[in-house]
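The values are calculated or read from the model by the stated rules, or taken from the named source; none is laboratory data. Everything numeric here is computed off the predicted structure, so don't read it as measured data. Glycine gets a Cβ as well: all are built from the backbone with ideal geometry, and neighbour counts include every protein chain shown.
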């Protein structure tokens, strides 16, 4: 397998996450991020308006992919089948960069109360995006909320298993996320 | 009905939430909160170590109540019946103060990115507390996660309906939270 070579945008994200971990989010400047990534400040600003957006950009992409996948599911798909389509759509866009960044991002978040809050808000944003996409398909609000929360749990659990799993697993994120969703679906039978 | 008279602790919380909304969390000092509440700074410090803890204290109480209710449910209670017991236990401690603070707290959170992150983290904390309490009862992890997320959704939806409902409704938060949980339970049948 060819070694993965990140482009300037990915290098900026990786550099930022490492610096946030090492010295804190507040103490990290755009100039430091650019230097660590081996690019100029002008290059940073070609990709992101500021360091905050660098973190938010990934979330908006992910919300869009989940919603697109749900919207594009067949008309007769059940709510959970539509969520599975959203997970598959988002997972297909997750490459080596997203896998490599997982442990580093986790360390950065663990080290910063501000990033913990931002990370929690990101989850809220993903659940809202999926709920709205399901409601737009005509799914009742309570069912849409529940299916979206299951999708979010499955995405997080699947991502953890993918990141922690063996590197020779080339199957990508999708099988992990879909297996976690199936596990949650099966769990609905034992809620009582 | 006798008019509700908040004590010093509740007055401090209400004053803080109003000041956070008016001028921002960062700009608000302990001295200002104490003055608005009509108490001395020493009184503030008798209840809270700092302004951050003032916001966090309520969450820890709520987590404890939810977990206690789940732990105290009958041994043969199903996972969702245990969650319902947790919601009932926590709801019983919610009085006029908690109802009055709802709209103000929402305004304060809407006005501050830091408080939005903190609020989202609070939800994560409540879900973790319920998940752990269910796992301690022997509930399988996937079922515990799912039941805890349903409990969290039900608590939030029930709280919204209680806060927005007519003031002559003396039944408290519990019926609203339990109705929302039942609605989510019914929704599991239409997930597909």
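Residue count for the range B:44-82 satisfying the condition of being over 20 Å from the mean Cα position of the chain (by Cα), outside the structural domain of residue B:128 (by TED's automatic domain parsing) and buried (at least 16 other Cβ atoms within 10 Å of the Cβ): 1.
Scanning the range B:84-108 for residues that are over 21 Å from residue B:7 (Cα atoms) and either more than 11 Å from every other protein chain (Cβ to nearest Cβ) or touching a strand residue (DSSP E or B) at 6+ places or on another chain (Cβ under 9 Å) (or both) turns up B:85, B:86, B:87, B:88, B:89, B:106, B:107, B:108. Can you confirm whether the range B:24-32 contains a residue that is outside any helix (DSSP H, G or I) and buried (at least 16 other Cβ atoms within 10 Å of the Cβ)? Yes: the range B:24-32 contains one or more residues that are outside any helix (DSSP H, G or I) and buried (at least 16 other Cβ atoms within 10 Å of the Cβ). Go through (1) in a helix (DSSP H, G or I); (2) touching a residue at least 60 places away in the same chain (Cβ under 8 Å); (3) under 14 Å from the mean Cα position of the chain (by Cα) and name the single condition residue B:160 misses. Of everything listed in (1) in a helix (DSSP H, G or I); (2) touching a residue at least 60 places away in the same chain (Cβ under 8 Å); (3) under 14 Å from the mean Cα position of the chain (by Cα), residue B:160 misses just condition (2).
Only one of B:53, B:81, B:35 is within 14 Å of chain A (Cβ to nearest Cβ), at pLDDT 90 or above and either within 18 Å of residue B:181 (Cβ to Cβ) or part of a helix (DSSP H, G or I) (or both). Can you tell me which? After applying the criteria, what remains is B:81. On the given criteria, is residue A:103 within 17 Å of residue A:159 (Cα to Cα), out of contact with any helix residue (DSSP H, G or I) (no Cβ under 6 Å at 6 or more places or on another chain) and in the same structural domain as residue A:145 (by TED's automatic domain parsing)? Spelling it out, residue A:103 is indeed within 17 Å of residue A:159 (Cα to Cα), out of contact with any helix residue (DSSP H, G or I) (no Cβ under 6 Å at 6 or more places or on another chain) and in the same structural domain as residue A:145 (by TED's automatic domain parsing).
Checking each residue of the range A:148-168 against the condition of being more than 12 Å from chain B (Cβ to nearest Cβ), out of contact with any helix residue (DSSP H, G or I) (no Cβ under 9 Å at 6 or more places or on another chain) and surrounded by fewer than 16 Cβ atoms within 10 Å (Cβ to Cβ) gives at least one match.
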